[in-house]
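A.B. asks: Below: one structure in structure tokens.
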Amino acid sequence: MGFLDFIKKTFAGEDVQPEQSQEQAVQEEKEQSAEEAEDQSGQNTVAETSESVEQIAETVPEETESEDKPEKSDSVQLEIEPIEAESSVDEIVEEASAQSAETAVESPEKLLDAEIEEEATEITGEAEEASDTSGETEEVLEIAEEAEKFSEATEAEEVVQESQADETQIEETEKPLGFFAKLKAGLNKTRESIFGSIDSVLGGFTKIDEDLFEELEEALILADLGVKTSMDIVECLRDRVKKERVTDPSAIKGMLAEEIAEILKKDAAAEMLPSPTVILVIGVNGVGKTTTIGKLAHVYRNQGKKVMLAAADTFRAAAIDQLEVWGERNGVPVIKKEEKTDPAAVVFEAAHAAKSAGVDILLCDTAGRLHNKKNLMEELKKIARVIEREWPEAHREVYLVLDATTGQNALQQAKLFNEVAEITGIVLTKLDGTAKGGIVVAIKSEMEIPVRFIGVGEKAEDLQPFDAESFAKALFEL
């Protein structure tokens with residue numbers, strides 16, 4: 001190449017290379033052959049690369065779970081770009097890269113849709129599970145409610161069965177119980193009060209001496225037998241111990257029971273009321289005076305006697321109504337007047353009615369309370385004069401109602417009433433369940449007034465005539 005040609009080519013912008021020698025031409029041929037071999041291997045490599053690109057492009061939408069996947073496509077593109085190949089290979093690579101790029105661009109939207117679908121599927125599944133769970137919960141609750149109802153019904157049935165069994169047992173228990181059995185049961189506390197303390201005293205001695213008798217006397221007084229009665233009983237025991245030469249303290253208990261029984265049986269004549277008889281019933285408030293009159297009417301009716309009631313307690317509120325109720329229960333007539341009426345006026349009318357009707361027993365509920373001795377005495381005297389004038393042939397009795405639960409107070413009431421009225425009999429109520437039943441012994445011993453009736457319950461048949469022998473047996477469990 002000449003210099004002029006070189007200048008022309010330079011200004012024309014062509015690459016100007018110096019002329020090559022023969023060695024250089026050989027070297028270029030070798031290099032060209034090597035390049036052709038490299039191109040052939042490059043084509044193979046590009047083909048393999050394109051296949052891997054296509055596989056990556058296919059797997060990208062399925063395996064990609066984040067928005068970082070497009071970077072992988074870019075990296076693949078970057079790895080492919082430096083590869084030099086023929087135009088056909090380049091086109092294939094460019095198409096693959098374009099498809100991968102499009103896939104990479106579309107993948108976030110698809111991923112978002114896939115995530116939404118997955119979340120929706122999960123929410124649907126959770127909803128179904130929740131629905132199933134709620135259904136199961138409702139079923140469990142229903143089963144629990146049914147079980148609870150069944151349990152309550154079972155418990156109620158058991159309670160009913162128990163109550164029925166208790167009622168049956170009570171009925172079976174009540175059927176064989178007569179008055180003596182009720183009396184014996186009612187005197188349990190009295191028995192324990194008397195003999196419990198006696199056992200305690202006797203158990204503390206190994207021999208009989210004066211100290212034993214002193215403690216025994218104190219125990220009897222505390223058991224509501226009264227001071228005088230207790231002293232009399234202990235004195236009798238001293239005499240018997242000397243006469244019988246008793247040395248064992250335990251033997252005194254049997255001797256004590258015999259002494260008390262003897263007091264109860266003394267002058268224990270049964271009540272024998274002639275016909276006609278007028279019974280005036282007196283007593284302090286709260287002892288059950290009006291109720292006792294109703295129960296007495298029941299007793300006499302069962303004896304076949306004709307009975308009438310007189311509501312002469314005109315100063316106590318509801319006393320007249322209460323007596324009317326008892327009259328209806330027993331089927332006996334009741335003579336009454338308005339409240340605050342003179343009691344003697346009621347007795348006057350009742351005496352005329354009883355005489356005309358041929359009544360055997362006239363029970364008068366009087367206002368005979370111990371407000372003061374003078375008023376009570378004047379009231380009873382006035383009633384007695386009315387009966388004597390209007391019904392002279394009638395026998396007269398005055399019954400004092402005492403509450404056994406008051407103990408020594410009942411004895412004091414008996415003494416005070418006896419000072420202003422000729423008491424002919426005592427009705428002792430509420431003996432059941434009291435530890436002060438020893439007052440019966442004190443009244444019998446100190447007052448020398450017969451105990452006519454005793455009450456051991458609320459029912460009409462729980463008031464019965466006093467039987468000293470039965471009382472003693474019930475008290476000592478003989």
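The values are calculated or read from the model by the stated rules, or taken from the named source; none is laboratory data. Source: prediction; values computed, not measured. Methodologically, a virtual Cβ is constructed for each residue, glycine included, from the backbone with ideal geometry; neighbour enumeration extends over all protein chains shown. For the accessible areas, the whole protein counts, side chains as well, though only heavy atoms, and no ligand, DNA or RNA atoms are used. Shrake-Rupley method; radii C 1.70, N 1.55, O 1.52, S 1.80 Å.
A.B. asks: Taking the range 435-470 on its own, how many of its residues are under 19 Å from residue 196 (Cβ atoms) and of a type outside the set (Lys, Arg)? Talk me through it step by step, then tell me what you get.
C.D. replies: If we filter the range 435-470 for residues that are under 19 Å from residue 196 (Cβ atoms), which is where we start, we get 435-442.
Narrowing further to those that are of a type outside the set (Lys, Arg): 435, 437-442.
Of the residues in that region, 7 qualify.
A.B. asks: With the checklist (1) more than 27 Å from residue 412 (Cβ to Cβ); (2) at pLDDT 95 or above in hand, flag the one item residue 331 doesn't pass.
C.D. replies: Of everything listed in (1) more than 27 Å from residue 412 (Cβ to Cβ); (2) at pLDDT 95 or above, residue 331 misses just condition (2).
A.B. asks: Next question, about the same structure. Could you please give the count of residues in the range 223-270 that are open to solvent by 70 Å² or more (accessible area, probe 1.4 Å), in a helix (DSSP H, G or I), at pLDDT below 85 and of a type in the set (A, V, I, L, M, F, W, C)?
C.D. replies: 0
A.B. asks: Residue check: is residue 275 within 30 Å of residue 388 (Cβ to Cβ) and touching an Asp or Glu at 6+ places or on another chain (Cβ under 7 Å)? Break it down stepwise before answering.
C.D. replies: Numbers: within 30 Å of residue 388 (Cβ to Cβ): yes; touching an Asp or Glu at 6+ places or on another chain (Cβ under 7 Å): yes.
Yes.
A.B. asks: Quickly run through the range 328-350 and pick out the residues that are under 23 Å from residue 299 (Cβ atoms) and among the charged types (D, E, K, R). So that I can check it myself, show each step before the final result.
C.D. replies: Step one: list which residues in the range 328-350 are under 23 Å from residue 299 (Cβ atoms), which gives 328-336, 346-347, 350.
328, 329, 336 - these are the residues of the range 328-350 that are under 23 Å from residue 299 (Cβ atoms) and among the charged types (D, E, K, R).
Quick grid of which residues meet (1) open to solvent by 60 Å² or more (accessible area, probe 1.4 Å); (2) closer than 24 Å to residue 402 by Cβ; (3) assigned to a helix (DSSP H, G or I):
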position	(1), (2), (3)
323	no, yes, yes
329	yes, yes, yes
337	yes, no, no
349	yes, no, yes
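A.B. asks: Before we move on, is residue 283 under 24 Å from residue 436 (Cα atoms) and either in contact with a helix residue (DSSP H, G or I) (Cβ under 8 Å, 6 or more places away or on another chain) or surrounded by 13 or more Cβ atoms within 10 Å (Cβ to Cβ) (or both)?
C.D. replies: yes
A.B. asks: Which residue out of 274, 333 is in contact with a His (Cβ under 6 Å, 6 or more places away or on another chain), farther than 16 Å from residue 400 by Cα, surrounded by fewer than 24 Cβ atoms within 10 Å (Cβ to Cβ) and not small (Gly, Ala, Ser)? Full working, then the answer.
C.D. replies: Numbers: 333 fails: in contact with a His (Cβ under 6 Å, 6 or more places away or on another chain).
Sole residue among the options that is in contact with a His (Cβ under 6 Å, 6 or more places away or on another chain), farther than 16 Å from residue 400 by Cα, surrounded by fewer than 24 Cβ atoms within 10 Å (Cβ to Cβ) and not small (Gly, Ala, Ser): 274.
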